[in-house]
Each structure stands twice: as C-alpha cells, then as structure tokens.
1. For residue 111, work out the one condition from (1) under 28 Å from residue 191 (Cβ atoms); (2) at pLDDT 95 or above; (3) β-branched (Val, Ile, Thr) it doesn't fulfil.
2. Can you pull out every residue in segment 184-202 that is within 15 Å of the ligand (Cβ to nearest atom) and either part of a loop (DSSP other than H, G, I, E, B) or within 15 Å of the chain's Cα centre (by Cα) (or both)?
3. Output the number of the condition that residue 136 fails; it satisfies all remaining conditions of (1) at pLDDT 95 or above; (2) assigned to a helix (DSSP H, G or I).
4. State whether one or more residues within segment 116-134 are touching a residue at least 24 places away in the same chain (Cβ under 8 Å), among the acidic types (Asp, Glu) and open to solvent by 40 Å² or more (accessible area, probe 1.4 Å).
5. Scan segment 196-213 for residues that are farther than 20 Å from residue 125 by Cα, in contact with a strand residue (DSSP E or B) (Cβ under 6 Å, 6 or more places away or on another chain) and surrounded by 20 or more Cβ atoms within 10 Å (Cβ to Cβ) and jot them down.
6. Being open to solvent by less than 60 Å² (accessible area, probe 1.4 Å) and either of a type in the set (S, T, N, Q) or touching a Ser or Thr at 6+ places or on another chain (Cβ under 8 Å) (or both) is the filter here, so list the residues in segment 214-241 that pass it.
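The values are calculated or read from the model by the stated rules, or taken from the named source; none is laboratory data. Note that the coordinates shown come from a computational prediction; the quantities given were computed from them, not determined experimentally. When we count neighbours, we look across all protein chains shown, and the Cβ atoms used for this are built from the backbone with ideal geometry, even at glycine. Surface accessibility is based on the protein's heavy atoms, side chains included, excluding ligands, DNA and RNA. Shrake-Rupley method; radii C 1.70, N 1.55, O 1.52, S 1.80 Å.
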Amino acid sequence: MADPEPRAEETEEQEIVLSELGDEDLVKQMHDDLYDGLADEIVEGTRILLDRGWPAERVLNEALVEGMRIVGIDFRDGILFVPEVLLAANAMKAGMEVLRPLLAETGAQRIGTVVIGTVKGDIHDIGKNLVAMMLEGAGFEVIDLGINNAVESYLAAIEEHHPDILGMSALLTTTMPYMKVVIDTLVEKGIRDDLIVMVGGAPLNEEFGKAVGADAYCRDAAVAAETAQALVLARRAALAR
Ligand code: B1M
C-alpha cells in the first residue's frame, strides 16, 4: 500500500531552517519570529544577515524595526496585548545586542557627551536605546538614564556630567508634554542655554519640538546622530568666534 499523504498539521510543523531561507524569506520569517517573541531566532536571523554581508543599519531597519512596526499595528488594533508585545520587545533587544558593536563602535573621534532618557511616566526604551547606540557610533559618550525620568533625574545627571546635549524620548501622547516641564525647569534654573536639547519619539513632530523649546526634533536614530554632530560642531564654532 502507498504511503499516506502527510496530514496538514504534520507539514506545518516542519522545522524552518533559517540559514536555508533566501534573504527575502528570512526577513519575512524574522518579522514572524519577532511577532512571536522568539529571541533566539531573532539573534540567529540577525547573525545570518550580517554574515551574508548586510550592513547593520539594513538589518536593523528591514528586519527588526519593520517587524516591530507590524507588532505595533496589531497592538493598536487589540490583536496583541502587553505580555506578547513585551516578548516581541525582548526579542528585538536581543537582535539589537548583536548589532550594538557594529552600530556603536565606528571608531569615530570622541566629540562630546550626551545625557539621554525616556521621560517620566514612560517605560518605552527600544528607540531611545537605538539612539544611544547610534550616538556612541557618532563619537559621543552617552549617559543613559533609562526610563521614567523625572526632571530631578535629568538635572542631577546634567550637574554630574556637564553634557553637550540633553536627549529626551517619549512614546506616548500622554508623556510627551513632560518634555516641556524639563525644558522649562532648565530655563528657570538659568542653564537652558548651556545645553543643546534634542527630543524624539514616535508621536512627536517638528512642530512639537519647537513648541516645547527644544533645539531639534529627531525623526529617528540616524537623524539624531547626524543632528547631534552638526549641532555640537556649530555650537563650538560659534563659541570660538
Ligand atoms: Co507601547 N505603545 N504601551 N509598549 N508600544 C505604543 C507607543 C503605541 C503607539 C502602540 C499603539 O497603540 N499602536 C501606544 C501609544 C499610543 C499613543 O500614546 N499615541 C502604546 C501604548 C498605548 C502603551 C501602553 C499605554 C499600553 C497599555 O498598557 N495599555 C503601555 C504604556 C506603558 C508606559 O510607558 N507607561 C505600553 C507598553 C508597552 C510595552 C511595555 C509592552 C512595550 C515597551 C517595551 C520597551 O520599550 N522596552 C511597548 C511597545 C514595544 C510599543 C510599540 C509596539 C513599539 C515601540 C518601539 O519600540 N518601536 C509601540 C507601537 C509603535 O511605535 N509602532 C507602542 C521601535 C522603535 C525603534 O521605534 O520607539 O519610535 P521608536 O524610536 C525611534 C524614533 O521614534 C526615534 O528614534 C528611534 C529609532 O529610530 N526616537 C528618538 C525615539 N526616541 C528618541 C529620542 C531622541 C531622538 C529620536 O532623542 C534625541
């Protein structure tokens, strides 16, 4: 008697070997793995793409950031919930750790110091972590204050580290107004002009950055690194005149 056809569930359960997938299928699989919060698979996929000669920025944007964008849509639509999104976030962080040395160690000359943190009430840190990595790669020493920072925490770090730049991140429409609280406090203390203030996060825009009194709104981590370099150099040139 001929062998029976394999049942549907048997075929579905066949293990996917990431290294055997072409680039496009591998990236799609990584989006699925990120969605499912599979950190080991994300690490493996990230390494495979790097071994195939993909630049770190491309792996970051096409595999990880795009995967997280898809997660964000289903989170918004109530298909995914906090525990699942936390797993996805952990998987993304695991992939970012593989990329960290490549993004953060470009051998660029040290050009300044940045204090950065997510504002009070907000625990999102993936974007802020990426910005910190890219700033390191651009030659900055980065003091990362983590999440949920009250104004006192920024002030203490400014006093201790005398940074060239203060960076603030917010991912929630309810927490982004806190950036103005911080900047207004810097004005009250008479230290606003000692620093460049840069802000970023998905719900912000250029107009908001101006309204709260920041020197720059940065759309993404690459823009943040370029802007930081440009503003620090411009400020030094102005002071030297
Ligand atoms: Co949150 N969450 N979340 N969440 N979460 C969002 C932000 C949301 C848009 C999802 C949605 O509804 N579609 C929504 C906000 C809605 C709004 O206010 N407009 C939301 C919500 C509602 C919530 C909760 C309230 C949900 C709840 O509890 N019911 C809750 C709030 C918790 C709190 O903070 N108090 C919550 C919780 C969480 C998790 C803990 C589960 C997890 C965070 C885990 C972590 O960060 N460790 C989480 C996640 C992962 C997201 C989404 C899905 C992804 C965010 C992310 O990491 N993106 C997000 C949906 C989305 O944004 N599409 C969502 C990838 C990252 C690379 O991009 O952070 O934008 P991003 O960073 C970019 C730029 O914005 C910029 O550069 C980065 C890199 O290119 N940038 C800066 C960021 N910071 C910068 C600082 C700078 C410069 C540039 O300084 C100079």
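1. Of the numbered conditions (1) under 28 Å from residue 191 (Cβ atoms); (2) at pLDDT 95 or above; (3) β-branched (Val, Ile, Thr), the odd one out for residue 111 is (2).
2. Once the filter is applied, which keeps residues that are within 15 Å of the ligand (Cβ to nearest atom) and either part of a loop (DSSP other than H, G, I, E, B) or within 15 Å of the chain's Cα centre (by Cα) (or both), segment 184-202 yields 195, 198, 199, 200, 201, 202.
3. (1)
4. Within segment 116-134, none of the residues are touching a residue at least 24 places away in the same chain (Cβ under 8 Å), among the acidic types (Asp, Glu) and open to solvent by 40 Å² or more (accessible area, probe 1.4 Å).
5. Listed by number, the list holds a single entry, 196.
6. Within segment 214-241, 216, 218, 227 meet the criteria.
Condition check ((1) hydrophobic (A, V, I, L, M, F, W, C); (2) more than 11 Å from the ligand (Cβ to nearest atom); (3) part of a loop (DSSP other than H, G, I, E, B)) across all residues:
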site: 154; (1), (2), (3): no, yes, no
site: 167; (1), (2), (3): no, no, no
site: 182; (1), (2), (3): yes, yes, no
site: 204; (1), (2), (3): yes, no, yes
site: 210; (1), (2), (3): no, yes, no
site: 225; (1), (2), (3): yes, no, no
site: 229; (1), (2), (3): no, yes, no
site: 232; (1), (2), (3): yes, yes, no
